[in-house]
Amino acid sequence: MKMRRIYVNEKWCLGCHLCEYNCAFSNSAETDMVKALKDVHINPRIRIEEEGNIHFAVSCRHCEEPLCVKGCIMGALSIEDGVIMIDQDKCVGCCTCILMCPYGAIMPSDTGVMQKCELCVKNAGGTPACVESCPNRAIVFEER
Amino acid sequence: MAINFLYPDHEVVRNPQRCIACRVCERQCANEVHSYDEELNLMKADDTKCVNCHRCVSLCPTMALKIVKTDHTFKENANWTGETIKELYRQAGTGGVLLSSMGNPKPYPVYWDRLLINASQVTNPSIDPLREPMETRAYLGKKPERIERDQNGEIVNNLTPQLELNVPIMFSAMSYGSISYNAHESLARAARELGTLYNTGEGGLHEDFYEYSANTIVQVASGRFGVYKDYLNAGAAVEIKMGQGAKPGIGGHLPGQKIVGDVSRTRMIPEGSDAISPAPHHDIYSIEDLRQLVYSLKEATDYKKPVIVKIAAVHNVAAIASGVARSGADIIAIDGFRGGTGAAPTRIRDNVGIPIELALASVDQRLRDEGIRNNVSIVVGGSIRSSADVVKAIALGADAVYIATGALLALGCHLCRSCQTGKCNWGIATQEPELVKRLNPDVGSERLVNLVHAWEHEIKEIMGGMGINSIEALKGNRLMLRGIGLNEKELEILGVKYAGE
Amino acid sequence: MKYVIIGNSAAAIGCIEGIRQQDKNGEITVIAGEPHHTYSRPAISYLLCGKTTEERMKYRPDDFYQKMNCTVMLGRNVTRIEPEEKWLFLEDGTAVEYDKLLIATGSRPFVPGIEGLEGVKEQYTFMSLDDAMALDEALGSGGRVLIMGAGLIGLKCAEGIARKAGSIDVVDLADRILPSILDAEAARPVQEHIEKQGIQFHLGDGVQKFKGNTAVLSSGKEIGFDILVVAVGVRPNVELAREAGIEVRKGIVTDERCGTSLPDIYAAGDCTESYDITTGEHKPLALLPNAYMQGECAGFNMAGSSKTYDRAIPMNAIGFFDLHMITAGSYDGECFIRKNGGDYKMLVSKDGVLKGFILIGDVARAGIYTSLIREQTPLETVDYELIKEKPQLMAFSRTERAKKLGGAAV
């Protein structure tokens, strides 16, 4: 399905980790970043991988053939308008999606059930927070 | 350990209530100012390393940081200021020439700010640029004295090569080496999109950028780095750099550690060797010599490219320009004493040269007086800070302006004036790959285009206000300017009346 | 086009969703013996321990059949398929015609013949929602439970009822728990972890006979119990297919398009054999993701499209009392083992590709390993040292990463 997705160009990723913090903030219920993240060990849905001078962010690719959705034993993962969403009420934290995802882009939330990037459709709307906060346009939200 | 005579100029102020210890500041500071104390879960800062470039401030997601000027002070002394004392200490410690970068920061008069622009009222209507066409196109190059016809009465094209600019603003010379690959790419892409030109500086032209050749001015300077036939023909024009506003009379020196990889290949000198541009061109000791170089470059480019001669604004600038205008050059570029640089001896930068406003006015007047104004176009640079400066420059007689510091600011430069360290946190004046990648040319070129578009809108607005719908009609139109806070002599040189006159 | 699906679990749902991606209008009829709205079978243990509810364990929303425009015939059993006529019959003699048929009859618990078993009144299996409800009711407020089988089902059952049961004993012929997914080394700490919850294991031992509510083991040990759960394995439900003349080995034989040996009849899920790419064997892989993907593949092909499913591998994500483990593939090959506190990792490579892995404790990003197996990625094209360290995309080449993160979606 032609839709806007998050794409990462490691050439421009600085490894600053702002995407992670803004993801955590965006997915908190807070309106103030300090209140949301001060003295908090963040558990963002986008994660930086880094090794030497290489850095890049990884988050859900919103695959057209999502193995996580197909594999979910609870039917907790589904595709809504191309966006792979997780119903955390249904999820029992069995980790089958972790087993399935080729990108390692799905992980446990603080409550034990799984969490994943939902393109900020439930919170900010518009542009995902990681994209918005990337200082070097290494993370973009576009149709390809 | 020797006594440390120097207290840091700036202090990093962190609001602990806002800091979330995300460590972005730490990761982004190439000067290693910030560090994280795991035990205390606290960010710390070493003020002695801070150059006040604002990279951390700009990226801090909670705005927990600011950099303030220290209030630590010497005993007040109007003669021996704190800065003077510190510079002296530094030299007593190192025995070296003080180096700095970017333009002269001293409080000399800024004449742009003492010139006011006219507007129409009642008797001649102003023009609304949103409703009516407004021409900002400029053509640079020698203009024919008269129309020539053949025996059939047909017009003979006697026009020498011209540069066509959509806006009378170009990006002035900054070499690949002094600024990064990504900075160059940003400039090149922006120039193409804007329909203007950027300038290679004396660093040669990276092979990747030959595709922007229609928007490139290739420079030939005293070191002749990277110059060969293809290079000369790759540009839309060739610029001979005789001098630079930030350091008139001084050559350039790019240290060997910056001559790596592509920089070395592009400059055509061995890796690690210092790139030394001599103070003079060793083959130019007279206008006649200059003429030889101008024509040898024209020969090499088949007389298809205008040749620009760039000089620094110095005391005899008018006489020098007169000579240049007779040398066969098509365009004279004059660089004022506030022009930027990647590195210059501080004393030179701060004490040599004259303001561009005065240089421009006197050159334009001199060439008119001598009847050779049409021999050349005049481009001025050296701290054009806004569209108002552009309008004033054109009214004083310029055909176009060069901007460089302004362009770098658009790219993120915060004028910390530490280019010479090579650790530019904004990825501009550096060759370190980890820093260079901080400037994504997608972002950089977009910001440059935004800047020039914004200025273009403002220029049209100002022109419309004066009832002028073409930049040509503004050129040298000093009646559109009035001076304020200027003495008789200054008014005379600028060729403007006093406000109220 | 008339599509008929026998079954109502993952494979059937996959098939419906597969068909509907291709054909919005064809008639779909779902026939299943169980009377319930489609639900997650693996969820039954979570139901018993209260991590989910009957409502939340529905595999698809309530309006699923309606949205998918399906006719559902639940609580109805198919008795016969007549491939020549392209119809099938239900218990009550109703004939249902089909153009394309999917057999997704699943599997059933295997109950071994043991002396005295018929005399055990409270005996249960643990596969369906009804099984779980019955067991839950029998448990009431306690009772001693004996579970035969320390495999995935037996232990999930143990976890599900741990808080309710008075005591739990688990017997298995194998010398270790979870023999199908763990090697001895990995099984030990998991066993210890489960034992801490008060569950007792009797391994390398089997029930020889039952004397009323006492199991007599081969070793001579006797275990008294109130409730018996038989979880020694599952058998594919292949009778319907076999009688229709479809080729069956251990499971229904299918090709990579999920077609059976007869035209217009497809099969998917636990009742079939899959081709395990890690061993090259055809065998039943009773796994929910496998079932779904087979079903979906069948659905595409039934609707006239062309899709293949040829990447099956055994794989499991499972946890017991908050200890998670993820395993995949086969363990025949060169092993890399790393233990770190409570975490255990084993990677198995052979012929230059990753064949299998076991992760216990830290299971983060395990899917990167799974995909190496599934895609049979030559390990020489990745940085295996980094891969050993942890699953990471850093181990791939820059170009490969650019495809994965910047290119077209997979």
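The values are calculated or read from the model by the stated rules, or taken from the named source; none is laboratory data. If you're wondering where the values come from, they're calculated on a predicted model, not measured in any experiment. As a convention, Cβ positions derive from the backbone with ideal geometry for all residues, glycine included, and neighbour counts pool all protein chains shown. The protein model used for the area step is the full one, side chains on, heavy atoms only, and it has no ligands, DNA or RNA in it. Shrake-Rupley method; radii C 1.70, N 1.55, O 1.52, S 1.80 Å.
Quick notes on this one:
- Summed over both chains, the contact between A and B buries some 1900 Å² of accessible surface at a probe radius of 1.4 Å.
- For chain C, DSSP calls about 60 percent of its internal beta bridges antiparallel.
- Projecting label points 7 angstrom from Cα along Cα→Cβ for A:GLU132 and C:THR308 puts them 4.6 nm apart.
- The mean accessible area for residues of the stretch C:314-354, using a 1.4 Å probe and ignoring ligands and nucleic acids, is 43 Å² per residue.
- At most 15 other Cβ within 10 Å, DSSP loop - GluC sites (Glu not before Pro), the stretch A:38-144: A:GLU64
- Mean sequence separation of contacting Cα pairs (under 8 Å, at least six apart), scaled by the length of the stretch B:292-389, corresponds to a relative contact order of 33 percent.
- The GNM of chain A, with springs linking C-alpha atoms under 10 angstrom apart, assigns the highest mean-square fluctuation among A:THR111, A:THR127, A:THR96 to A:THR111.
- Point-to-point label distance, C:ASN25-B:TYR228, nm (Cα→Cβ direction, 7 Å offset): 6.9
- A straight chain from B:TYR139 to B:MET268 at 0.36 nm per residue would run longer than the Cα-Cα distance by 43.2 nm.
- For the stretch A:55-92 versus the stretch B:443-478, the gap between their alpha-carbon centres in whole angstrom: 51
- Label zone (B:LYS497, point 7 Å along Cα-to-C-beta; backbone nitrogen cut-off 15 Å) within the stretch B:454-470: none.
- Of all DSSP beta bridges in the stretch C:104-250, antiparallel share, percent nearest 5: 35
- The apolar share of the surface of the stretch C:254-339, taken as the fraction of accessible area on carbon and sulfur atoms (1.4 Å probe, ligands and nucleic acids excluded), comes to 44 percent.
- The residues of the stretch B:404-451 expose, per residue, 34 Å² of accessible area to a 1.4 Å probe.
- Once the chain from C:ASP136 to C:GLU243 is taken as fully extended at 0.36 nm per residue, the excess over their C-alpha distance is 34.9 nm.
- Solvent-accessible heavy-atom area per residue, rounded to whole Å², over the stretch B:128-221 at 1.4 Å: 44
- FRET efficiency for C:ARG398 and A:HIS41, using Cβ-Cβ distance with R0 set to 22 Å, rounded to 0.05: 0.10
- Taking every DSSP beta bridge that has both ends in chain B, the antiparallel portion is near 45%.
- Added length on full extension, which subtracts the Cα-Cα distance from 0.36 nm per residue, B:ILE155 to B:VAL13: 44.1 nm
- Computed on chain A, with alpha-carbon pairs under 8 angstrom and 6+ residues apart, the relative contact order is 34 percent.
- Between C:SER219, C:SER40, C:SER128, the GNM of chain C built on Cα springs shorter than 10 angstrom shows C:SER219 fluctuating the most.
- Over chain B, relative contact order from alpha-carbon pairs under 8 Å, at least 6 apart, %: 19
- A straight line joining the Cα centroids of the stretch B:55-124 and the stretch A:1-17 runs 38 Å.
- For a paramagnetic label modelled on C:ASP343 (point 7 Å from Cα along Cα→Cβ), amide N atoms under 20 Å away belong, within the stretch A:12-55, to A:41-52.
- Highest-fluctuation residue, C:SER261, C:SER306, C:SER107 considered, GNM on chain C with Cα pairs under 10 Å: C:SER306
- Spatial separation of Cα centroids for the stretch C:34-99 and the stretch B:10-43, in angstrom: 59
- Förster radius 51 Å - calculated FRET efficiency between C:ASP264 and C:GLU192, Cβ distance, rounded to 0.05: 0.45
- Taking the protein heavy atoms of the stretch B:224-376 in the context of the full set of protein chains, the accessible area attributed to carbon and sulfur is 52 percent at 1.4 Å.
- In the stretch C:274-296, burial by the other protein chains removes 40 Å² or more of 1.4 Å probe accessible surface, compared with the chain on its own, from C:PRO289, C:MET293.
- By the rule of a C-alpha distance below 18 Å, with chain neighbours fewer than 8 residues away ignored, the aspartates and glutamates paired with C:LYS2 are C:GLU17, C:ASP23, C:GLU27, C:GLU82, C:GLU84, C:GLU85, C:GLU97, C:ASP99, C:ASP264, C:GLU296.
- Of the listed residues B:ARG447, B:ARG131, B:ARG478, B:ARG114, the order by accessible area with a 1.4 Å probe, largest first, is B:ARG131, B:ARG447, B:ARG114, B:ARG478.
- Given R0 = 30 Å, the distance between the Cβ atoms of B:TYR89 and B:LEU42 translates into a calculated FRET efficiency of 0.40.
- Label separation (B:GLN121 vs C:GLU118): 11.7 nm, computed from points 7 Å beyond Cα along the C-beta direction.
- For the stretch C:252-322, size of Cβ-based charge dipole, Lys and Arg +1, Asp and Glu -1, in debye: 120
- Loss of accessible area when C meets A, both sides summed, Å² nearest 100, probe 1.4 Å: 3600
- Greater than 21 Å apart at Cα, pairs in C:LYS58/C:LYS250; A:LYS116/C:LYS388; B:LYS475/B:LYS497; B:LYS258/B:LYS423; B:LYS106/B:LYS247: C:LYS58/C:LYS250; A:LYS116/C:LYS388
- Ellipticity estimate at 222 nm from DSSP helix runs (n ≥ 4, -39,500 (n - 2.57)) divided over chain C, nearest 500: -6500 deg cm²/dmol
- In the stretch A:70-85, the residues that give up 40 Å² or more of accessible area when the other protein chains are added, compared with the chain on its own (1.4 Å probe), are A:LYS70, A:ILE73, A:MET74.
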